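Shown next, in C-alpha cells, is the structure this report addresses.
The values are calculated or read from the model by the stated rules, or taken from the named source; none is laboratory data. Note that the structure is a prediction, hence the values are computed from the model and not measured. Don't worry about glycine lacking a Cβ; one is built from the backbone with ideal geometry, like all the others, and counts go over all protein chains shown.
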Amino acid sequence: MKRLFCLVLISMCVLLTGCQEKKVQIPENASDKLMVSHLTEEKLFFVEGRNVEAVDLGVTIAGMTRAGESGLMFTTKDDGFLYTLDLESGGLRKLVHVGKGRNELLYNEETQHVYLAASQDDRIQIVDMHEEEVIKSIGVGDFPISMRMDPENENLFVVNNSSSSISVIDVNDYNAVKEFPVPNIPEGIWVDDSKLYVGGHGPVHGELNRYVYVFDRSNGEQTDRIEVGSMPVKLFSPKGATYLYAVSHGSHELHRIALKDYSQVDQLQVGANPYGINGENERIFVSNIDEGTISIIDTNPFQMKGEISIPGAPGSIVSGGGE
C-alpha cells in the first residue's frame, strides 16, 4: 500500500512539474517584434529595427511557430516537450511531451491544433491546445521535414525528405488520403489556391537541385519548374503577395519569383548558409547561419537594406504581430 502511494505521489509530481509555468524576462511589446531562434544556444532573440535583445530560455529551440497575437510555441533539442511562451506576461510553460526531433511546427488558429513533423518516426503529430495533449499521430512518408496548410484549411501537405514524396492529410478526419512522388531529397513547400511549390537538395550523388517544382495540388502532377539557385530549401510568400521567395542555401541567395507566369525571377546575394525566412509584403528577413546575421530585404525595389548581427547561428524567424 505504501509503495502504491509513493508511485501515485511521484506520478503527480511529474505531472505537475511538466505543467509548471516560469517567468522569463521578455522585452516590452514583445509580440510586435521579430523573433529569431538560435541553433546552439538556449536563447530567443527579439529584433526591432537594428536593436537586438537576447532572452535566456534555459532550453535550445528546435522549431517554433506563432500562436495567435500573443503566443509562441516551440519544441526543444533538450527534453522533447512542446512549450508555450506568453509574449505579454513572459510566462513559459511545458505543454505536453511530444518527443525529440520535432523541428517543424505549424499552428492552425481555426482549430487551435498544432501539427508537428516527427521526422525520425515518419509521422505527423496533432496537439490539441485545449486538451493539451497529442490527439492523433498519422503515418506519412519517410522523414517528414516541411509542411504547409492549404488556403481552405482542409488539407495539410507534408514533404517527406527521404522517400521523396508529398503526403496529403485531411485535417477534418485526420487521415493521410494521398501520397505522390517529387524530385530527389525535397525540402520546403508553399501552397496556393491550385498549386504546390516544392524545393529541395537534389540527389546525394549527382547534380544539386536548382529548381522550384510546381505541382497541380489536386492530382499531384508536375506542371512546371522554375530555375533559381543551388538547393532552394525554404519557400515563403507573404499574405496577399504576388511573389514567392526561395532561399537557396547552397548558393547563398534569395530569389523572388513572380507567381503570375514565373517569367520574372529576381536574385539577391544574402549571407553564408541562409536558413530561415519570414516577413511581410514590404520587407523580408533571412537568417544566415554561418555568418551570424539577419539579412533585411526591401521588396519594392527588391534590394538589400542591411544586416543585423545575431552572434553564433541564427535559425528560424517568426514575424511580430501574429502570422
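Structure data summary
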quantity: Members of region 41-50 that are modelled with pLDDT of 95 or more and either of a type in the set (G, A, S) or more than 12 Å from S316 (Cβ to Cβ) (or both); calculated: E41, E42, K43, F46, V47
quantity: Residue in region 105-113 that is within 18 Å of I185 (Cα to Cα) and either in a strand (DSSP E or B) or among the polar types (S, T, N, Q) (or both) present; calculated: no
quantity: Unique residue being of a type in the set (D, E) and free of Cβ contacts under 8 Å to residues at least 24 places away in the same chain when the list is E307, E282, E227; calculated: E282
quantity: Matching strands (runs of 3 or more DSSP E) fully within region 123-208 where at least 3 residues are at pLDDT 95 or above and over 15 Å from E104 (Cβ atoms); calculated: 133-139, 165-170, 175-181, 195-200
quantity: Residue match in region 120-137 (condition: touching a Gly at 6+ places or on another chain (Cβ under 8 Å), hydroxyl-bearing (S, T, Y), farther than 30 Å from A54 by Cα and surrounded by fewer than 21 Cβ atoms within 10 Å (Cβ to Cβ)); calculated: no
quantity: Filter result for G90 (more than 30 Å from I284 (Cα to Cα), at pLDDT 95 or above, more than 15 Å from the chain's Cα centre (by Cα) and not polar (S, T, N, Q)); calculated: no
quantity: Residues of region 183-223 satisfying the condition of being within 20 Å of the chain's Cα centre (by Cα), more than 24 Å from K239 (Cβ to Cβ) and among the β-branched types (V, I, T); calculated: I185
quantity: Pairs with Cβ under 6 Å, 6+ apart, first in region 44-59 and part of a loop (DSSP other than H, G, I, E, B), second of a type in the set (A, V, I, L, M, F, W, C); calculated: R50/I308; L57/L44
quantity: Pick from region 260-310, criterion surrounded by 19 or more Cβ atoms within 10 Å (Cβ to Cβ) and in a loop (DSSP other than H, G, I, E, B), ranking: nearest to the chain's Cα centre (by Cα); calculated: I289
quantity: Per-region count, region 25-43, residues without any contact (Cβ under 8 Å) to a residue 60 or more places away in the chain, within 26 Å of K100 (Cβ to Cβ) and either among the aromatic types (F, W, Y) or not in a strand (DSSP E or B) (or both); calculated: 1
quantity: The lone exception for S194 - which of (1) under 22 Å from N103 (Cα atoms); (2) surrounded by fewer than 18 Cβ atoms within 10 Å (Cβ to Cβ); (3) not hydrophobic (A, V, I, L, M, F, W, C) it fails; calculated: (1)
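Every residue, every condition in (1) closer than 25 Å to R123 by Cα; (2) crowded, with 21+ Cβ neighbours inside 10 Å; (3) not β-branched (V, I, T), yes or no:
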position	(1), (2), (3)
V59	yes, no, no
G63	yes, yes, yes
A67	yes, yes, yes
S70	no, no, yes
M73	yes, yes, yes
L82	yes, yes, yes
S89	no, no, yes
L95	yes, no, yes
